[in-house]
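Working notes, beginning with the structure itself.
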Amino acid sequence: MNLKKGTPQYGLVVGAILVAIGALMMLIGFWKTLLLCVLFALGYFLGTVENKREFLKTTANKLIPDKEVKVIDLKTELKREQSAVEQAVEEVIKPAKKTVKKTAEKTTDKE
């Protein structure tokens with residue numbers, strides 16, 4: 001059986017699974033069906049993952065950052081970046097204002 005995504009066989013299998021879940025919800029209720037699905041996923045995990053300890057370690061490392069990683073405060077960083085941008089803008093505007101004043105003085109002197 002060819003169970004690749006996009007094939008009719010795959011669609012039939014997924015459809016049958018969804019019909020079974022729907023029937024379970026009607027027969028035993030939502031929470032019991034959810035519990036069955038969670039237990040099925042746990043059994044699938046225990047049956048398919050070869051090195052469970054290594055898998056759990058890598059998953060935990062992805063979810064929980066290292067102690068050495070510095071956690072930043074977004075508001076503080078945003079204020080720091082805004083002040084840096086304002087200083088850069090001021091450095092650009094001040095020489096431009098001086099240039100505008102000089103050219104304005106030159107044009108008034110010529111007239």
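What follows draws every value from the coordinates through simple rules; no lab data is involved. Computed from a prediction, not measured in an experiment: that's the story for all the values here. As a convention, Cβ positions derive from the backbone with ideal geometry for all residues, glycine included, and neighbour counts pool all protein chains shown.
Summary table
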| quantity | calculated |
| --- | --- |
| Residue match in the range 34-45 (condition: of a type in the set (Gly, Ala, Ser), in a helix (DSSP H, G or I), surrounded by 10 or more Cβ atoms within 10 Å (Cβ to Cβ) and on the phi < 0 side of the Ramachandran plot) | yes |
| Filtered residue count, the range 64-92, keeping only those that are assigned to a loop (DSSP other than H, G, I, E, B) and not aliphatic (A, V, I, L, M) | 6 |
